[in-house]
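Encoded as structure tokens, the structure appears first; notes follow it.
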Amino acid sequence: MSVESDFVAKFLPLQGMTRMPSGFPAFAQWHHAQLAEEGASWEDAAPAYALACLSHAAYGGALDPSVEWELELQWADLGTLSALPWPQARRRVMAAWSYLSGDDPLPAGLDEALESDDDESTPLLDLELVPAFVVLRASMASLSISDWHTRGQERWLPTDMPALSLAASPALAALDALTLHGFAEDEPRCLVRLAFAPHLMRALEGVAADGDMMTVARLRRDVVRWASQRESVLLRVPSPVCPGEYNLLANPRHPDIGRLQRFDARPLLLDRRRARH
């Protein structure tokens, strides 16, 4: 990347960075490949990763709004180097900052996968995916993710903001199904297993299950902002029904929604005789 972008060659020495951080070029190439449907060339994308690398070296820490605003202004000055609009560049910058901050370490074996000449050996094969689970009616489980409907997201979002409520564990998915649906429906249900790359998820800090009203209101405002600004396709939130467990909200309006991988759907057997307990 350091030789493919004039921007990198010009500004890296000014930051005292004589070489790229270990693993960053492989991460940048892998992440760019994940966004292939955008149709952006590597020549247009490389300056975005370079800007992330430079700004992280200069500022470090969290990517707060003031730094993000500064980066947007700097990106506007790079019009001669990249045709990438800021929303697409921002996705790359934020992912790169997360990686450089140590939040998203490069998956083991990714370098080898990137360098492999075998068409069947891609970065996705060695990527450590994060699992997610949801209980759906059998008829819905066979549909694409974009056609799913869930309950539970209304705990966090207004009804006019679409979202899917998933669970980080199969036990929580089953508990949510019992809490939200009970045994009112006769149609069989399935436990659906999904997975996604770690960089697709943000985490909401806080405890919703036993938090005070002020804390819960603040958390809900944060979730609404996440959904309206499409900050990421997934947001991890504390489970309101089981302390220590987490739900995952998925934003179907986010361009990365297609990156959620559906693996299997297994029948979930619930004994009706236990419904009264």
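Peptides 32-38, 195-201 ranked from most to least packed by the mean count of surrounding Cβ atoms within 10 Å: 195-201, 32-38. Multiplying the residue separation of Arg259 and Ala195 by 0.36 nm and subtracting their alpha-carbon distance yields 22.1 nm.
Compute and list, largest first, the equivalent-ellipsoid semi-axes of the range 130-267 from the alpha carbon gyration tensor, each √(5λ) rounded to a whole angstrom. Don't skip to the end; give the middle numbers.
Details: eigenvalues 100, 64, 36 Å².
After scaling each eigenvalue by five and taking roots: 22, 18, 13 Å.
For the range 42-52, backbone phi angles converted through the Karplus equation (6.51, -1.76, 1.60; θ = phi - 60°) give residue-by-residue couplings of 5, 4, 7, 7, 4, x, 5, 5, 5, 4, 5 Hz, Gly and Pro being listed as x.
None of the figures in this text is laboratory data; all of them are computed from the coordinates on show. Remember, it's a predicted structure, so these values are computed and weren't measured experimentally. Cβ: placed from backbone, ideal geometry, glycine included. Neighbour counts: every protein chain shown.
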